[in-house]
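Since the structure comes first, as structure tokens, the remarks are kept for the end.
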Amino acid sequence: MYHYIWVMKVKILACISILCIFSCSTSHKHSNVIDYTDMVEPLVDAANSRWFYFNSTSRPFGMMNLSPDMITNGAWNAGYRYNEDSIKAFSHVHAWQLSAVPVFAQTGTFKGHLGSRQYGSTYSHEDETVEVGYHQVKLNSYQINAELTATKRVGLHKYTFPKSDSSFILFDFSTVLGPCATDSAHIELVNHKTIQGWALMGKTKRRPKATKVFYYALFDTEFDAAIFWKNKQKINQNIQFLTSDSTGVGLHFKTDQGQQIMMKVAISYTSIENAKLNMQSELNHFDFQRVVDESKDEWNTYLSRIQVQGNTQKAQKRFYTDLWHALQGRRVVSDYNGSYMDMTQNLPVVRTVALDKNGEPEHLMYNSDSFWGAQWTLNTLWHLVYPEITSEFIRSMLTMYENGGLIPRGPSGGNYTYVMTGASSTPFIVSAYQKGIRDFDVQKAYQGLLKNHSVEGLMSKAGYDHYSNLGGGFSHYDQKGYVPYPLPEKQAKVFHQDGGGQTLEYAYQDWCLAQFSKALNDRVNYKKLMHRSQSYKNLWHPKKQYMWLKNNKGAWVDSMDIFLYKNGWVEGNAAQFTWWVPHDIKGLADLMGGSEKCIERLDSIFKVAQQHSFVAGKSHDAGEQEQNTRVHMNYGNQPSIHMAHIFHELSRPDLTHYWSERVVEKVYSDLEPNAGYCGDEDQGLMGSLSVLLKLGIFQMNGGCESNPAYSITPSIFDRVKIQLSEKYYQGKEIVLENNKPNENKAFWGVFCQQQQFKQARIDHQTFTKGGTFKMQYR
């Protein structure tokens, strides 16, 4: 039934005549101001949610991620799951390898100690409202209406109860929550309106150390009693605090019909005192609607930086949904005062980021999954449109480098996780520098990246290689020019031992760092890194005309199967990784017999891929099934998301335009809960890709060369306006105009202010001076 309702909504949207966004939406506060949050559909792909994917109340990159959980146990297929029939919790942290503080409301016989499977409630999407900054749902089992919103670090709950002598709000620290168990918790009753404490979230195979999350909760109504429990048994003693594993507390209220009880919950990774400070600083009132309005206002300042006109309202809604996802998933972990937890050493240490002359933190600290694939996504979108965010993330990385000795590729709660492979932070930082984003310690960044490209750095560690420097196979790469498969070291038992994919990643990342060396006049390292960047050629099988694996002795691995998933290739196969040479597409084309043969071969692959909609499946689960992985490309995961733009590098922007439009249509156009990203959205990576494909802006090498170039193709919209940062860029705005011809003409170039950009490539300095860039066809 719910699927039918959404299908009808999409059909209605598709039938609306083409309107510019300025006539589609008005502000929640001022009728003459656009409310871009009205263009966001938070439920897109919500049936396929990963633990940290779904958002409703979160602020941009917010520490607080308050939302309902239908499934509480699992990093995958957990959290908000649209097709599940009951809600088990409202939890406050949905982050990479982190979760915390599940609460719930109930009436009647107390069930808190029995677990969420017993006290959870049915619900209906017909009694649910999900908007940017606001989530409302009715708990049908108890006839309680729940409403949620949040600031950056504080969640605000509003529960409307029926008449009952036994109404409860539960804090349940006995459950596995998302990716980790709750090892233990502390609960303290401060008074009849306040509780505080912490939850020790257990270590995972990805995050190697348990992490404390501190909380401070304040009610607008006094509770008259508290029921503690431990190991599913109620504690009948009159106690004021409890520290234990498998514990929780239920706060008792007597409620009249329609009585509202509000609760604020602030969190911190450093202390209860800082959780309380976060609340005092961000939310010193209980004005629910004010918080909702402020959330929408904050989101509008980000979403409004890109304004689109034309196409359908459905297309516009999906675009702003993608842009919204590009600005979250990666979470703040520092407090309002700049305090954060450093977990890089043997014991946790509370530190504070540098403060400016006004005593304010100079930057925030962040938790995130890997930047694996960011060279084709975040590098371009954030650096161009949100350069201040880029700067914050780089300074956060460098602060972690100061503490722990490595620039991270995916930190969690102050821990190194060594998620994925390679030195994926390198293209992100180098691209920022090349684009003039340099308000960080450049020499420190350079030295940290050089270390990462050595046996002491991240290239020596494959996924979750916490205790050795073997899994990355770097010493082999440095000496032999490739990472063998399998690795000869028996003790290297970690994720992603995929020598073929690692070799290609290392070669590209070495090229990126070489450009940094060149910019800083380090000729010795430039020469060494440029030499290593050609290592991709060592995997080219001249007879088979594909990249292939070599063993430790330098021989080709037997039984060549180009469609075999993983087994030497990082979340891909040889057919896909054959095209993974973003820094030297012309060199790859030469291996294939020249540009024309390369173009012909790639075009034929796209014609085949069109038959399976350019993906391995419509969800992450489907994309992992063996029969679906045997494909030449998969736009639902990072390894092949650049393939349509290879044509552009070989002077065929028309083919890039042709195929990228079809990819958008098949992969990134759905606007309903059961589809959306055809895989793992991955904390803004695929949302960013979708935005860039629809804008018609791409950078094959991640923007890491001097004065990087943008490959431009016509947007799916008639007109796009991108606001530029006055702090970082010379121009005020970029306007892209696409007056599509009626006749069947192919895209070939861009025109701006009497300047012709043949092959539709525009350098960064010219692009960020701003102006109106018009698409041309012939």
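The values are calculated or read from the model by the stated rules, or taken from the named source; none is laboratory data. These numbers come from a predicted model, not from an experiment. Glycine gets a Cβ as well: all are built from the backbone with ideal geometry, and neighbour counts include every protein chain shown. Protein only, heavy atoms only, side chains kept; ligands, DNA and RNA dropped before computing areas. Shrake-Rupley method; radii C 1.70, N 1.55, O 1.52, S 1.80 Å.
Screening Lys138 on (1) touching a helix residue (DSSP H, G or I) at 6+ places or on another chain (Cβ under 7 Å); (2) over 28 Å from Thr301 (Cα atoms); (3) open to solvent by 10 Å² or more (accessible area, probe 1.4 Å); (4) in a loop (DSSP other than H, G, I, E, B) shows it passes everything except condition (4). Entry remark, segment 47-81: residues being open to solvent by 10 Å² or more (accessible area, probe 1.4 Å) and in a strand (DSSP E or B) number 2 in total. For segment 268-321, the candidate set comprises residues that are open to solvent by less than 40 Å² (accessible area, probe 1.4 Å) and assigned to a strand (DSSP E or B); within that set, the residue that is farthest from Val691 (Cα to Cα) is Ser268.
Residues in segment 673-722 that are assigned to a loop (DSSP other than H, G, I, E, B), closer than 29 Å to Asn739 by Cα, open to solvent by less than 10 Å² (accessible area, probe 1.4 Å) and of a type outside the set (A, V, I, L, M, F, W, C): Gly676, Tyr677, Gly696, Gln699, Gly702, Gly703, Pro708, Thr713, Pro714, Ser715. Looking across segment 448-472, just one residue is acidic (Asp, Glu) and either farther than 23 Å from Thr204 by Cβ or surrounded by fewer than 20 Cβ atoms within 10 Å (Cβ to Cβ) (or both), and that is Glu456. Of Glu147, Glu126, Glu84, all but one fail to be among the charged types (D, E, K, R), modelled with pLDDT of 95 or more and assigned to a strand (DSSP E or B); the exception is Glu147.
Among the candidates Arg351, Arg331, which residue alone is touching a strand residue (DSSP E or B) at 6+ places or on another chain (Cβ under 9 Å), of a type in the set (D, E, K, R) and open to solvent by 20 Å² or more (accessible area, probe 1.4 Å)?
Within the list Arg351, Arg331, the selection yields Arg351.
Output the qualifying pairs, or none if there are none: Cβ atoms under 8 angstrom, residues six or more apart or on different chains, first residue in segment 660-672 and within 14 Å of Leu695 (Cα to Cα) and among the hydrophobic types (A, V, I, L, M, F, W, C), second residue open to solvent by less than 40 Å² (accessible area, probe 1.4 Å) and in a helix (DSSP H, G or I). Correct list of pairs: Val663/Ala644; Val663/Leu693; Val664/Ser690; Val664/Leu693; Val664/Lys694. Could you give every pair whose Cβ atoms fall below 8 Å, whose first residue belongs to segment 718-729 and is without any contact (Cβ under 8 Å) to a residue 24 or more places away in the chain, and whose second residue is open to solvent by 50 Å² or more (accessible area, probe 1.4 Å), counting only separations of at least 6 or pairs across chains? Cβ pairs passing all conditions: Glu726/Lys732.
For segment 224-267, taking the residues that are aromatic (Phe, Trp, Tyr) and open to solvent by less than 40 Å² (accessible area, probe 1.4 Å), the one that is farthest from the chain's Cα centre (by Cα) is identified as Phe253. Checked against the criterion of being at positive phi and surrounded by 24 or more Cβ atoms within 10 Å (Cβ to Cβ), the candidates Val93, Val101, Val132 yield just one match: Val101.
Working only within segment 119-129, note down all residues that are under 25 Å from Gly248 (Cβ atoms) and open to solvent by 30 Å² or more (accessible area, probe 1.4 Å).
So in segment 119-129, the residues under 25 Å from Gly248 (Cβ atoms) come out as 119-123.
Of everything in segment 119-129, just one residue is under 25 Å from Gly248 (Cβ atoms) and open to solvent by 30 Å² or more (accessible area, probe 1.4 Å), namely Thr122.
Can you find, within segment 150-165, the residue that is most open to solvent (accessible area, probe 1.4 Å) among those that are assigned to a strand (DSSP E or B) and in contact with a Lys or Arg (Cβ under 8 Å, 6 or more places away or on another chain)? Outline the logic, then answer.
Within segment 150-165, the subset assigned to a strand (DSSP E or B) is 150, 154-161, 164-165.
Within this subset, residues satisfying the condition of being in contact with a Lys or Arg (Cβ under 8 Å, 6 or more places away or on another chain) are 150, 154-157, 164-165.
Details: Ala150: 0, Val154: 0, Gly155: 0, Leu156: 0, His157: 0, Ser164: 20, Asp165: 109 Å².
Looking at the filtered set, the residue picked out is Asp165.
Going by what's in this entry, would His476 be described as buried (at least 18 other Cβ atoms within 10 Å of the Cβ) and more than 30 Å from the chain's Cα centre (by Cα)?
Working: buried (at least 18 other Cβ atoms within 10 Å of the Cβ): yes; more than 30 Å from the chain's Cα centre (by Cα): yes.
Judged against the criteria, His476 is a match.
Can you go through Gly112, Gly108 and tell me which one is open to solvent by less than 30 Å² (accessible area, probe 1.4 Å) and either of a type outside the set (Phe, Trp, Tyr) or free of Cβ contacts under 8 Å to residues at least 12 places away in the same chain (or both)? Steps first, please.
Details: Gly108 fails: open to solvent by less than 30 Å² (accessible area, probe 1.4 Å).
That would be Gly112, the only listed residue that is open to solvent by less than 30 Å² (accessible area, probe 1.4 Å) and either of a type outside the set (Phe, Trp, Tyr) or free of Cβ contacts under 8 Å to residues at least 12 places away in the same chain (or both).
Among the residues making up segment 667-689, a single one is among the polar types (S, T, N, Q) and under 27 Å from Lys769 (Cβ atoms): Ser688. Of all residues in segment 520-551, those satisfying the criterion of being of a type in the set (A, V, I, L, M, F, W, C) and over 30 Å from the mean Cα position of the chain (by Cα) are Leu520, Val524, Met530, Leu539, Trp540, Trp548, Leu549. Condition (residue is in contact with a strand residue (DSSP E or B) (Cβ under 6 Å, 6 or more places away or on another chain), farther than 28 Å from Thr57 by Cα and of a type in the set (A, V, I, L, M, F, W, C)) applied to segment 194-214: is it met by at least one residue? Checked against the condition, which is being in contact with a strand residue (DSSP E or B) (Cβ under 6 Å, 6 or more places away or on another chain), farther than 28 Å from Thr57 by Cα and of a type in the set (A, V, I, L, M, F, W, C), segment 194-214 yields no hits at all.
Residue-level check: of (1) out of contact with any Asp or Glu (no Cβ under 8 Å at 6 or more places or on another chain); (2) in contact (Cβ under 8 Å) with a residue 40 or more places away in the chain, Arg532 misses just (1). Considering segment 175-203, and only residues there that are modelled with pLDDT of 95 or more and of a type in the set (Ser, Thr, Tyr), the residue that is surrounded by the fewest Cβ atoms within 10 Å (Cβ to Cβ) turns out to be Thr194.
How many residues are surrounded by 23 or more Cβ atoms within 10 Å (Cβ to Cβ) and either without any contact (Cβ under 8 Å) to a residue 60 or more places away in the chain or assigned to a loop (DSSP other than H, G, I, E, B) (or both) if we restrict to segment 430-447? The qualifying residues number 3. Of all residues in segment 620-631, those that are crowded, with 21+ Cβ neighbours inside 10 Å and in a loop (DSSP other than H, G, I, E, B) total 1.
Filtering segment 339-348 for residues that are free of Cβ contacts under 8 Å to residues at least 60 places away in the same chain, in contact with a helix residue (DSSP H, G or I) (Cβ under 6 Å, 6 or more places away or on another chain) and open to solvent by 10 Å² or more (accessible area, probe 1.4 Å) leaves an empty set. Scanning segment 471-515 for residues that are of a type in the set (A, V, I, L, M, F, W, C) and under 27 Å from Gln434 (Cα atoms) turns up Phe474, Leu504, Ala507, Trp511, Cys512, Leu513, Ala514. In segment 395-410, of all residues being at pLDDT 95 or above and more than 16 Å from Lys451 (Cα to Cα), the one that is surrounded by the fewest Cβ atoms within 10 Å (Cβ to Cβ) corresponds to Arg395. Once segment 632-659 is narrowed to residues that are over 18 Å from Thr578 (Cβ atoms) and hydroxyl-bearing (Ser, Thr, Tyr), the residue that is most open to solvent (accessible area, probe 1.4 Å) is Tyr658.
For first residues located in segment 465-479 and assigned to a helix (DSSP H, G or I), partners that are open to solvent by less than 30 Å² (accessible area, probe 1.4 Å) and not small (Gly, Ala, Ser) and lie 6+ apart or on another chain with Cβ distances below 6 Å form the pairs Phe474/Met459; His476/Val483; His476/Pro484; Tyr477/Val483; Tyr477/Tyr506.
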